[in-house]
Amino acid sequence: MNALILIAEDEPQICEILDAYLVREGFRTVRAGDGRTALDLHLALKPDLILLDVTMPRLDGWEVLAEVRRRGDTAVIMITALDQDIDRLQGLRIGADDYVVKPFNPVEVVARSKAVLRRVGQSGAGRMLRVDRVAIDLDSHVVRIEGNDAARPLPLTLTEFRLLAHMARTPTKAFTRSELVDACLPGSDALERTVDSHISNLRKKLEEAGAPGMLSGVRGIGYRLAAL
């Protein structure tokens, strides 16, 4: 089944244009004109990707993104008229997969949507992330080391899974501890040093499963998911 894309945009004309281009490319679409409706549809329909406007009524895009990340790992592309670097960084810090600034070419939005869906491995068999031999099933919350004769699901906690999946989306990026807290422990009172404990446990489990060297510390910044 083709990917389902939720268009969360309060400007009807923009919504119509995006819908038309996406449907022409074979995607299924559903629309939301405000942030609360977007969250309701996300919960009910579990879309593969959300095109998320920042300035929406009821709940803005940042609030919607934070809640979507609290729920799981749905791919999100932020769409906004705000073009300052700080706004872009805020979206990426909370956990957006990409960022498009208005006015935009709808062909570019379609292309970026395809790229993000490829990156998260959207398919009929489920959404997958892969970094070398580490395979992360976002739907079943199962992690396996491919090519391992004794491969078994890694016994990860929910927080460990979220950390691994979040870093696997951009495996060359060095994440700060605060970024990881915001993306993987939203709404909690966790301190940044709490991430160190989770990362240490995650690294140990990966090493025991046959994936040594996957997680590395970046001095003065935080952590990076490294290639095997």
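Students often get this wrong, so try it: which of (1) 53, 36, 28; (2) 47, 42, 40; (3) 57, 45, 40 is Cα extents along the principal axes in Å as calculated from the structure shown?
Entry (1).
What distance in nm lies between label points placed 7 Å from Cα along the C-beta direction at Arg118 and Ala81?
3.3
Over the alpha carbons of segment 4-123, what is the largest minus smallest coordinate on each principal axis, giving the biggest first in Å?
Computed over segment 4-123, the largest-to-smallest principal extents equal 32, 30, 27 Å.
Ignoring ligands, DNA and RNA, what percent of the accessible area of the chain is carbon or sulfur (1.4 Å)? List each step's numbers first, then the result.
Details: 5480 of 10960 Å².
Reported share for carbon and sulfur atoms: 50 percent.
With every protein chain left in place, what is the accessible area per residue of the chain in square angstrom, probe 1.4 Å?
48
Stretched out fully, how many nm does the piece from Arg36 to Glu146 gain, at 0.36 nm a residue minus the Cα gap? Present the calculation step by step, with values, prior to reporting the outcome.
Details: separation 110, 0.36 × 110 = 39.60 nm, distance 3.95 nm.
So the extension gain works out to 35.7 nm.
Using unit Cβ charges (K, R positive; D, E negative) and no other charged atoms, how large, in debye to the nearest 20, is the dipole of the chain about its Cα centre? Don't skip to the end; give the middle numbers.
Working: 31 positive and 33 negative charges, 166 e Å.
The calculation lands at about 800 debye.
Given DSSP loops and a limit of at most 15 other Cβ atoms within 10 Å, what is the longest stretch of the chain that contains no such GluC sites (Glu not before Pro)?
26-145
Convert 4 °C to kelvin, take the viscosity as 1.567 mPa s, use the Kirkwood radius over C-alpha pairs of segment 128-225 as Rh, and evaluate the Stokes-Einstein diffusion coefficient in µm²/s, rounded to a whole number. The partial results should precede the final answer.
On the way: Rh = 13.5 Å.
Using the Kirkwood radius from Cα pairs, D works out to 96 µm²/s.
The values are calculated or read from the model by the stated rules, or taken from the named source; none is laboratory data. A quick note: this is a predicted structure, and the numbers were derived from the prediction, not measured. Glycine gets a Cβ as well: all are built from the backbone with ideal geometry, and neighbour counts include every protein chain shown. Accessible surface is based on the protein model in full, side chains and every heavy atom, while ligands, DNA and RNA are left aside. Shrake-Rupley method; radii C 1.70, N 1.55, O 1.52, S 1.80 Å.
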